[in-house]
Amino acid sequence: MKKKIKVSIFGATGYTGIELYRRLKVRDDIEIVDLPSKSSPGKKYSEIVGSIKSISDEILIEWNPEETVKKSDIIFTALPHGETFDIAKACKIYDKKLIDIGADYRLDKEAYNKWYGLEHRESALIDEAVYCIPELHRDKIKEGTWLIANPGCYPTSVQLGLAPLIDAGIIETGNIIVDAKSGVSGAGRGLKLATLYSEQNENVNAYGVGIHRHKPEMEQHLQQYTDDNIKIMFTPHLMPMTRGIHSTMYATLKKDISEEEIREVLKDKYKNEYFVKVLDKGIMPHTKWVYGSNFCHINVVLDKDTGNLVILSVIDNLVKGASGQAIQNMNILFGIEEKKGIENIPLIP
């Protein structure tokens, strides 16, 4: 029998960690060895996450990064920014793999310190991290890769829509507008006034306008496709739905090109990609069409009256925007079929 991959999850009681756990738990090639917790050590995992009562009897253990890393082949961290430093350090020392679903290794040190307001304590490891949306960056995962910075949810939907168009020189890059909407699960599982049912139901509100930390992530990682400066005006909104991200992007054309030719550029880029679907003319992406899945749906509309291009991209923020993509990256790291554990059909209704 083939040896199972030993996995530990830091942050298993949050929405991202739960999504990760439920997909890994049922795999025949994975053994979940540790679920460390700062807030609830000693409790049954099923006491905190009722949805897994029928499949789990694991106990949340004390938070001891070094001991957990020693017994694992790969670590997943689904933690707030600033909480992965010690875990990354231990993974480096003990030659173990790490996929950080948080933000600690997505940006260069200067941008991280500025946008997160925190001094990066393990910044020497940033250069060793591979930032990876598989459809755009999988070639960067090479032998010896041990640290993967899993992209943010908004940046995943935005880059999948924009990267091929920037790379092909189709759009101007100095003033791209991104108007994005997210379900409330993107705000995490902690108690917050803004995500209470009575506050968010039948309500839509913008937040982090001009200051959201995903803006520099988009700009930094799209810069590789052009010598021109990337400037994005990013406005995220919270929607009264549980899951989903809908990113609507507006850009000025750089050259005379038809809508169908633009769509063909995207289709050609993603023709061999299972998880990215470029829709046919006139079919607009719906968040419900990717709900609970690792898929991304994209389409474009050329506004002939203004000469501007509208790019639309939808994902599930907890799957392609977080845990599903993390598993996709893990599969690449270990030479496993990339779809394994994340190939489910979207949920409907």
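The values are calculated or read from the model by the stated rules, or taken from the named source; none is laboratory data. These numbers come from a predicted model, not from an experiment. So basically every Cβ, Gly included, is an ideal-geometry build from the backbone, and we count neighbours across all protein chains shown.
Selection within segment 176-195: residues that are touching a residue at least 60 places away in the same chain (Cβ under 8 Å) and assigned to a helix (DSSP H, G or I). The member of this set that is nearest to I257 (Cα to Cα) is G186.
A residue that is in contact with a helix residue (DSSP H, G or I) (Cβ under 7 Å, 6 or more places away or on another chain), over 15 Å from E135 (Cα atoms), among the hydrophobic types (A, V, I, L, M, F, W, C) and assigned by TED's automatic domain parsing to the domain that holds A251 can be found somewhere in segment 293-300.
Scanning segment 304-347 for residues that are modelled with pLDDT under 95 and on the phi > 0 side of the Ramachandran plot turns up just one, G307. The residue list I245, I230 contains one member that is at pLDDT 95 or above, within 24 Å of A206 (Cα to Cα) and in contact with a Cys (Cβ under 6 Å, 6 or more places away or on another chain), which is I245. Every condition in (1) under 24 Å from K271 (Cβ atoms); (2) touching a residue at least 40 places away in the same chain (Cβ under 8 Å); (3) not in a loop (DSSP other than H, G, I, E, B) holds for Q224 except the one numbered (2). Only one entry of N317, N329, N294 meets the criterion of being within 25 Å of R23 (Cα to Cα), in contact with a Pro (Cβ under 7 Å, 6 or more places away or on another chain) and not small (G, A, S), and that entry is N329. Total residues in segment 97-127 satisfying the condition of being exposed (fewer than 14 other Cβ atoms within 10 Å of the Cβ) and either aromatic (F, W, Y) or not assigned by TED's automatic domain parsing to the domain that holds T77 (or both): the figure is 0. The residue list T156, T77 contains one member that is touching a residue at least 40 places away in the same chain (Cβ under 8 Å), closer than 17 Å to R213 by Cα and under 17 Å from the mean Cα position of the chain (by Cα), which is T156.
T252 fulfils the conditions (1) more than 18 Å from the chain's Cα centre (by Cα); (2) part of a loop (DSSP other than H, G, I, E, B) except for a single criterion, (2).
Within segment 232-253, the residues that satisfy the criterion of being under 19 Å from L162 (Cα atoms) and not aliphatic (A, V, I, L, M) are F234, T235, P236, G244, H246, S247, T248, Y250, T252. Annotation: of all residues in segment 128-142 being in a helix (DSSP H, G or I) and in contact (Cβ under 8 Å) with a residue 12 or more places away in the chain, the one that is surrounded by the most Cβ atoms within 10 Å (Cβ to Cβ) is L136. Across segment 45-72, the number of residues qualifying as within 21 Å of L333 (Cα to Cα) and either surrounded by fewer than 18 Cβ atoms within 10 Å (Cβ to Cβ) or not assigned by TED's automatic domain parsing to the domain that holds D100 (or both) comes to 2. Residues in segment 299-322 that are among the small types (G, A, S) and in contact with a His (Cβ under 8 Å, 6 or more places away or on another chain): 1 in all. None of T145, T173 is more than 28 Å from D228 (Cβ to Cβ), of a type in the set (S, T, N, Q) and in a loop (DSSP other than H, G, I, E, B) except T145.
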